[in-house]
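Enquirer: First, the structure itself, so that you have it in front of you.
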Amino acid sequence: MPELPEVETVKKTLNSLIVGKYIDRVTVHLPRIIQRPDDIDAFAMELVGHTIQGVERRGKFLRIILDGLVLVSHLRMEGRYGLYSEDEPLEKHTHVVFHFSDGTELRYKDVRQFGTMHLFPTGEDLTNKPLMKLGLEPLDESFTLDAFRKAIGKRSTKIKTALLNQEYVVGIGNIYVDESLFRAGIHPEQPANTLTDEQFELLHQSIIDTLLEAVQAGGSTIKSYVNGQGEMGMFQHQFKIYGRQNQPCEQCGTMIVKTVVGGRGTHTCPRCQVLA
């Protein structure tokens, strides 16, 4: 958390807030957030004098596009961006501040301190870590049924574990894997290579539909997620399975159970999702 819908929402929000901003200076209060370059002063100096052109997303990563540079940012558990006036007091857990020429500041806050930033010359970010091995984008035109089947169809691993592997398909995350598998009527422990053609088709469409609906709702706020304007997501009110253990399934009335699959809390309806 945040997963693809939340990062997509942050991307859209930042595009409305910071495009065209000119960076006067950068302040880093927690050096370990900066992963590349390993010299914090070099990181700050490289960004000075650049203008933000746009914000894109790759999986769960933000790509902040500047003239000549790309800043790759991962929010991890609780990272968040916000635009502030330079006169506003600096809040606790603010680790990186981008000072703009118009008197505003983009501030990165992270209570858990797990977030990361990598700075690349334009064109190098997609061919280096952490983006170089990422898999299919589930909301991209390239995410066809054939491409999806090719990515995981021969894997003997459990389908939930396969869907969480960012080298196969990116960004779905624990919440949306559970929701997608429930919509498709597939048990999370079913081996990926045993899915039928019909199951693959159902799951492919379920992933797309679930993510699109989540993006439309601004993502899901489980603990502390907010977008760049401080607004909560609302998709948690539409959950069919995730977080609903010991509650009746809306489709059949059977009590939803919570187990652990691949080290992740997993929600299943024993009647609607039978292990094949």
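The values are calculated or read from the model by the stated rules, or taken from the named source; none is laboratory data. Predicted model, so just to flag it, every value in this text is computed and none were measured. Reconstructed Cβ throughout: ideal geometry from the backbone, glycine too, with neighbour counts over all protein chains shown.
Enquirer: Every residue in segment 132-177 that is of a type in the set (A, V, I, L, M), surrounded by fewer than 20 Cβ atoms within 10 Å (Cβ to Cβ) and in a loop (DSSP other than H, G, I, E, B), please.
Expert: Within segment 132-177, Met132, Leu134, Leu139 meet the criteria.
Enquirer: If I ask for residues that are surrounded by 17 or more Cβ atoms within 10 Å (Cβ to Cβ), of a type in the set (A, V, I, L, M) and either not assigned by TED's automatic domain parsing to the domain that holds Ser180 or not in a loop (DSSP other than H, G, I, E, B) (or both), which ones from segment 245-276 would you list?
Expert: Val261
Enquirer: Residues being in contact with a Leu (Cβ under 8 Å, 6 or more places away or on another chain) and buried (at least 16 other Cβ atoms within 10 Å of the Cβ): count how many of those fall in segment 35-49.
Expert: Selection size over segment 35-49: 4.
Enquirer: Determine, yes or no, whether Gly153 is modelled with pLDDT under 95 and not hydrophobic (A, V, I, L, M, F, W, C).
Expert: no
Results for (1) in contact with a Leu (Cβ under 6 Å, 6 or more places away or on another chain); (2) more than 24 Å from Cys272 (Cβ to Cβ), shown as yes or no for each residue.
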| residue | (1), (2) |
| --- | --- |
| Asp140 | no, yes |
| Lys150 | no, yes |
| Thr161 | no, no |
| Asn174 | no, no |
| His187 | yes, no |
| Glu198 | no, no |
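Enquirer: Continuing with this model, one more query. Every residue in segment 59-72 that is out of contact with any Phe, Trp or Tyr (no Cβ under 7 Å at 6 or more places or on another chain) and within 28 Å of Ser220 (Cβ to Cβ), please.
Expert: Gly59, Lys60, Phe61, Leu62, Arg63, Ile64, Ile65, Leu71
Enquirer: Given (1) in contact (Cβ under 8 Å) with a residue 24 or more places away in the chain; (2) among the β-branched types (Val, Ile, Thr); (3) over 28 Å from Gly171 (Cβ atoms), identify the lone condition not met by Ile40.
Expert: (1)
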